Amino acid sequence: MKSTENSTDSTRRTFLKSTGSTALAGAAATQLSFPNVSFGRKPTDKLLTVGLIGCGGRGTGAAAQALQADSNVELRYMADAFPEKIEKSLATISGQVEKQKIKLKEKFTGLEAYKRVLESDADVVILTTPPGFRPAHLVEAVKAGKHVFTEKPMATDGPGVRLVREAVEIAKKKELAMVAGFCWRYDYPRKELFKRIHAGQIGDVRSCYGTYLTGPVKPMPPADQQPAGMSDLEWMVRNWYNFNWLSGDGLVEQAVHTVDWIGWLMKDAPPASCTAVGGRQIPSEGGNIFDHVEVNYVWDNHTRGTVAQRQITGCHNENNFSVLGSEGEAWINSGRVYITGKNPWRYDGPKNNMYQTEHNEMFASIREGEPINNGDRMINSTLMAIMGRTAGYTGKEITWDMMSNSKLQIAPQNLANWKDEVKVEPMALPGRTRFI
């Protein structure tokens, strides 16, 4: 992370660029071409083929990283709801990887384009569509025997999380890789920090506080900009971040990274309960997401964790994390990773491109025959975020058991046609919106 800043025109792209600068410091090293084996793993001549499902910015980046993670891999299939997304993505990937690694057989478009990729001979699929579609994609991908890289979050509601849990168990039984887009878990400085915390370097953990304060991802356009003849469903998908059934809301789609830090700190033990405050400060034409929420989690041992999320233009920006222990404090502060107190420490080791590292390790695990499965912890962090959003929406205390058994399904299932109708929940009103 670079130093924090105040900006009236901060965007998600510039925010992530600044917060990820530490992780990207080693990017040049990841552009190397590797010989017969991947990163010292057992050699194999098997070609690994890749299918990309969801060709936005994150999908494009993930595909390029996958193609650079192994010496014998190629991109064969691309799928997206919109054809122009595929063409833009392909042009970007082509400028970043060796030409021989792109051997497209098919491009698929439409709401059911993902099915065509899962029916193909792709060995690895990259799932980077809007999160509302992800649970079904995950289940169908592992049933089809595919190794999976899946972006975060993995669902936008409780029933979706339960579907993802089914996918995780299938992947375990079939010995398929399932690597999650919680990229900070692959960042060297943060891995070392959490390792030291877990080893007791700051004593017993008492509490933590994480921030994800930035500008809007993509503000909702005025309703009169919806083109004539465009269905409401297509309009929503093109502006997916502004609808909670598609994105999960800002806490679930973006600040879930900070929630994941809290989960990591607590060794992925779920919280007992949480309360939250939040709402919509800046009016929006259409959409139903909050622009700020602060969640307070509590564990059975009385440890507390707080995450503050805001996406409003013109405000103070930061993405920091602090942990209070009985013998010291741990910090992720403006890109610096360090410990103060009885046993002070500052990270001065190697830095890496965490986005590339997660793909490097995934492909290496496939080659070795010991595929990585991030499933349990990715479920935990996703459900923690949904739990916090639910507490903010309802104004109620939400327990882990309540959230695990929630029946509210905001993401519609089996959408196949742009004319399909989708019921959009109204903007939540704490104290009036009911827990279901």
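Points worth noting:
- Inter-residue pairs, beta-carbon under 7 Å, first over 17 Å from GLY210 (Cβ atoms) and in the same structural domain as LYS396 (by TED's automatic domain parsing) and in segment 266-289, second in a strand (DSSP E or B) and among the hydroxyl-bearing types (Ser, Thr, Tyr), 6+ apart: ALA272/THR399; SER273/THR399
- When residues of segment 301-316 are limited to those that are of a type in the set (Gly, Ala, Ser) and under 23 Å from PRO271 (Cβ atoms), the one surrounded by the fewest Cβ atoms within 10 Å (Cβ to Cβ): ALA308
- Taken residue by residue, segment 182-196 has at least one member that is within 28 Å of LEU415 (Cβ to Cβ), buried (at least 21 other Cβ atoms within 10 Å of the Cβ) and either out of contact with any Cys (no Cβ under 7 Å at 6 or more places or on another chain) or of a type outside the set (Gly, Ala, Ser) (or both).
- Yes/no for GLU397 being touching a strand residue (DSSP E or B) at 6+ places or on another chain (Cβ under 8 Å) and either outside the structural domain of GLY278 (by TED's automatic domain parsing) or modelled with pLDDT of 95 or more (or both): yes
- Condition met for ALA167 (among the hydrophobic types (A, V, I, L, M, F, W, C), farther than 18 Å from ASP268 by Cα and out of contact with any Pro (no Cβ under 9 Å at 6 or more places or on another chain)): no
- Helices (runs of 4 or more DSSP H) enclosed by segment 211-294 - at least 2 residues per element that are out of contact with any Cys (no Cβ under 7 Å at 6 or more places or on another chain) and under 20 Å from THR399 (Cα atoms): 250-253, 256-265
- Residues satisfying the stated conditions in segment 416-434, i.e. touching a Leu at 6+ places or on another chain (Cβ under 8 Å) and either assigned by TED's automatic domain parsing to the domain that holds HIS292 or crowded, with 16+ Cβ neighbours inside 10 Å (or both): VAL422
- Filter pass, ALA167 being surrounded by fewer than 22 Cβ atoms within 10 Å (Cβ to Cβ), small (Gly, Ala, Ser) and either within 14 Å of the chain's Cα centre (by Cα) or not in a strand (DSSP E or B) (or both): no
- Sub-8 Å Cβ pairs linking a first residue in segment 44-64 that is farther than 17 Å from GLU358 by Cβ to a second residue that is of a type in the set (Lys, Arg) and part of a loop (DSSP other than H, G, I, E, B), at least 6 apart or interchain, are GLY51/LYS146, ordered by first then second residue.
The values are calculated or read from the model by the stated rules, or taken from the named source; none is laboratory data. Computed from a prediction, not measured in an experiment: that's the story for all the values here. Cβ atoms come from the backbone with ideal geometry, glycine included; neighbour counts cover every protein chain shown.
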